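Step one of this worksheet: look at the structure below.
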Number of protein chains: 2
Amino acid sequence: MRRDVFQAIADPTRRAIIALIALQAMTPNAIAENFNTTRQAVSKHLRVLTECELVKQEYQGREIYYSLEIEKMKEIDKWLDQYRKIWETKFNQLDELLTKMKTQAKK
Amino acid sequence: MRRDVFQAIADPTRRAIIALIALQAMTPNAIAENFNTTRQAVSKHLRVLTECELVKQEYQGREIYYSLEIEKMKEIDKWLDQYRKIWETKFNQLDELLTKMKTQAKK
DNA sequence: TATATTTGCAACCGAATAGTTTCATAATAT
DNA sequence: ATATTATGAAACTATTCGGTTGCAAATATA
């Protein structure tokens, strides 16, 4: 099964899980308490997140603590970078235009 | 049908379309030439992209030029921001640790 | 040892998704 | 006027997705 980060963050529940475990590791049970779905459904989401390495597990007895693999989030940032260049250029163009207008207004 | 940006960028073909029209507006026909799918399939992708406002249309006779709505891309960047804070903090912590080690090494 | 808890996995289901083929509409060219 | 071109929409299909229920394995507790 091919999993990629973009597919993983497409689902709103998974984005919520990511937000939940971003700052502290949590067990599937604890995570599931925050949603209106079954624990098993959350488990499936965690599986997807694990498969694309957005999440890491830490075994502690019979419990498994899930936490965010923040490095993987940078992948999205990296993808965004090409577009960031575009909107920054557009901003610069607007900036230049405004400077031009100011200069002309002084005349 | 509820469309959001995250669902839109989940599909690899749609991400490729976004990349294609990021710098210059293109017609559906021209876009479709770059893929191994039918023009109609591309048309459906453009519909999804239009519905979530990632793309804007410009009518020119019987042709429609599609181009990227760069502002919408910032929405993803905005979402990433909360996680950017985390990885920057982690980097700072590492930075502090390295400074500490250097200081101790001098002793 | 017997029981309870935590968890993942398999099987199933309905809805959504991405693709195809076919068709309708509007603009342009001959 | 007729043919061609550009496009979107509809109908259909196979596959994937997110959810459920039921079960098994491993660990903790009585």
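Just so you know, all these numbers are worked out from the coordinates, no wet-lab data involved. All of these numbers come straight from a predicted model, not from anything done at the bench. FYI the Cβ positions are ideal-geometry reconstructions off the backbone, even for glycines, and counts take in every protein chain you see.
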Study note, to complete from the structure: If the chain between B:THR38 and B:LYS78 were fully extended at 0.36 nm per residue, the gain over the current Cα-Cα distance would be 11.0 nm
Practice item. Give me the aspartates and glutamates in straight-line cross-link reach of A:LYS90: C-alpha distance below 14 Å, same-chain residues under 8 apart excluded. Key: B:GLU69, B:GLU71
Review point. Which entries of B:LYS78/B:LYS100; A:LYS44/A:LYS85; A:LYS44/A:LYS72 show an alpha-carbon separation above 27 angstrom in the structure shown?
Key: B:LYS78/B:LYS100; A:LYS44/A:LYS85
Revision key, fill the gap. Output row, site B:ASP11, 7 Å Cα→C-beta label point, backbone N cut-off 20 Å, window the stretch B:46-64, residues B:46-58, B:64
Revision key, fill the gap. Of A:THR37, A:THR89, A:THR50, the most mobile residue in a GNM of chain A (C-alpha springs, cutoff 10 Å) is A:THR89
Study note, to complete from the structure: For B:ARG47 and A:GLN57, extending 7 Å from Cα along the Cα-Cβ vector and measuring point to point gives, in nm, a value of 4.0
Review point. Across the Cα atoms of the protein assembly as shown, what radius of gyration and what greatest pairwise Cα-Cα distance (Dmax) are found, in Å?
Key: 22.1, 77
Revision key, fill the gap. Under the rule rounded for a/c under 1.5, else prolate if a/b exceeds b/c, else oblate, using alpha carbon gyration tensor axes a ≥ b ≥ c, the stretch A:1-105 is classed as prolate
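What does the charge count near B:ALA22 come to, summing +1 for each Lys or Arg and -1 for each Asp or Glu among other residues with Cβ under 14 Å from its Cβ?
+4
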